[in-house]
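A short worksheet on the structure shown next.
The values are calculated or read from the model by the stated rules, or taken from the named source; none is laboratory data. Predicted, not measured: the structure shown is a model, and the values here were computed from it. Using ideal geometry, Cβ is built from the backbone for each residue, glycine included, and neighbour counts are taken over all protein chains shown. Please note that ligands, DNA and RNA were not included when accessible areas were found on the heavy atoms of the full protein model with its side chains. Shrake-Rupley method; radii C 1.70, N 1.55, O 1.52, S 1.80 Å.
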Amino acid sequence: MRRNVIIATAALGALVVAGCSSGGSSSSSSSGGTATKSCVATIGMEGPLTGPVAFLGQEQLHFAQLAVAKDNLANHTKITMVQGDTQLNPAQATTVTQQFTSNSKMVAVVGPAGSQEVEAVGPLMARAGLPFISGSATAVALTTGKYPTFFRTVSKDSVQGPQDANYIVKNLHPKALMIVDDQEAYSTGLVSAMVPVFQAAGIKVDHESVSQKVTDFSSLVAKVTPATTVVVLPWQVAANAQQFGRNLAQQHKKALIFGTDGLYDPKSFTIGGSYVSTFGPDITAIPADAPIAAAAKAKYGSFGTFGPPTYAATHVINQAIAAVCKSGQTPSRANVLAQIKNTNEPATILGQPIKFDSHGDLVNGKFFLFKIDSSGKYQLIPSS
């Protein structure tokens, strides 16, 4: 039985990020001012804090905590964050969301992480009027209007899929490739966006499907033919891709691996020559983010690309709460939602503006491509 972990935590205060840069300007609605000293609010954070991708969930949690601490200090707010462990499981996310929506003090939620989780909790959030912002859910269907309180600080599969597929076609030149979904909404959505591009280019496509729970891919690798020079893995579990790479080597097959978001993990996925496309930048390469990156590394150690978009999501919520208080109102789900819709941050931790369209999508969102060198280090490929 999965154990639901919901832990109320006060903001970390000045000990965490004293002297940190904002990682972005205030929402235009807050006018850069500070909220009143009585600005008190509770927000939730949903992420896979335990389970197979806990390293990603913990990174998201840490960056959310950094944002709350920094913004409380800057805005003179008293925002408290409640943690909810979803384990990247829709049923678990539903349980957490039911607890969050029944908490009358909660005015907004950061997360959840996976597209499959957003699909599960979206109706609950909508009925409760509870705004929620994910820093990693990319499925196109999430922003078609059926989840009116949902927003995201990353772009979507309909941008990433064609972008990645076109890069593979134009730069890797495969005559045949294998693409493997992991039977989750995130993965199948990307496959649907990529396969038409491959087919239009005349590439022979072998589409396979495998559960996230599989940990030995020998039989799947056996299907990789000598003509197959690229294997596309739009997966969420980096350790699985590492094992797939080992199985390729064991069978003396030379196909390159091209992975997406969840594979960006320099600790777990280190197959030299592989490519990884991800929705978040490497903020250590953004000079303006140096204070935040230093604070995160000092307190939590190394990190990847999942934390910064969650920091951005948390910051948007914090600024919305501060704007509500500055206007003389008490934060509620309705007025915080209204402020989130008006978000217009010209500079952010992501190195790009944050503004949402009418369906909660990030305006002009983009993806970043990395290649893993022989030492296992990720190298950014400049966009053309």
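Once you have the alpha carbon radius of gyration of region 282-321, what is it after dividing by 2.2 N^0.38 Å, with N set to its residue count?
Output field value: 1.20.
At R0 = 25 Å, how high is the FRET efficiency between Ala126 and Asn344 if r is their beta carbon distance? Nearest 0.05 is fine.
Efficiency at R0 = 25 Å is approximately 0.55.
Under 5 Å between amide hydrogens, which residues at least 5 positions from Thr138 or on another chain qualify, with H placed 1.01 Å from N in the peptide plane?
Those lying under 5 Å, H to H, from Thr138 are Ser115.
Report the label-to-label distance for Ser302 and Thr144 in nanometres (one decimal), using points 7 Å from each Cα along the Cα→Cβ vector.
Inter-label distance under the simple model: 4.0 nm.
Candidates (1) 133; (2) 122; (3) 150; which is the computed volume of the Cα convex hull per residue in Å³?
For volume of the Cα convex hull per residue in Å³, the calculated option is (2).
Within region 233-309, report the trypsin sites (Lys or Arg not before Pro) that DSSP leaves as loop and that have at most 13 other Cβ atoms within 10 Å.
Lys254, Lys267
Can you tell me the relative contact order of region 222-320? Whole percent, Cα pairs under 8 Å, sequence separation 6 or more.
22 percent
Using Cα pairs closer than 8 Å and at least 6 residues apart in sequence, work out the relative contact order for the chain, in percent.
So the answer I get is 22 percent.
Any lysines with Cα under 22 Å of the Lys156 Cα? List them, leaving off those in the same chain fewer than 8 positions away.
Within reach: Lys146, Lys170, Lys341, Lys355, Lys366, Lys371.
Given q = 0.17, 0.29, 0.30 Å⁻¹, what are the Debye log10 I(q)/I(0) values for region 198-250, with equal point scatterers placed on the Cα positions and solvent ignored?
Rounded to two decimals, the profile gives -0.56, -1.35, -1.40.
Determine the per residue accessible area of the chain with all protein chains present and a 1.4 angstrom probe, expressed in square angstrom.
Accessible area per residue, the chain: 39 Å².
Using Cα positions and a limit of under 19 Å, work out the lysines in reach of Lys70, with same-chain residues fewer than 8 apart set aside.
Partners within reach: Lys37, Lys78, Lys297, Lys299, Lys326.
By per-residue mean of other Cβ atoms within 10 Å, what is the highest-first order of 367-380, 184-197, 340-353, 52-65?
Taking the mean over residues of other Cβ atoms within 10 Å, the ranking is 52-65, 184-197, 340-353, 367-380.
Quote the FRET efficiency, to the nearest 0.05, computed for Lys371 versus Lys213 with a Förster distance R0 of 30 Å and r equal to the Cβ-Cβ distance.
0.55
What per residue convex hull volume, in Å³, comes out for region 208-367 when only alpha-carbon positions are used?
Hull volume over Cα atoms, normalised by residue count, gives 164 Å³.
Can you run phi through the Karplus equation (6.51, -1.76, 1.60; θ = phi - 60°) for region 44-53 and list ³J(HN,Hα) in whole Hz, with x for Gly and Pro?
Result, rounded to whole Hz: x, 9, 10, x, x, 6, 9, x, x, 10.
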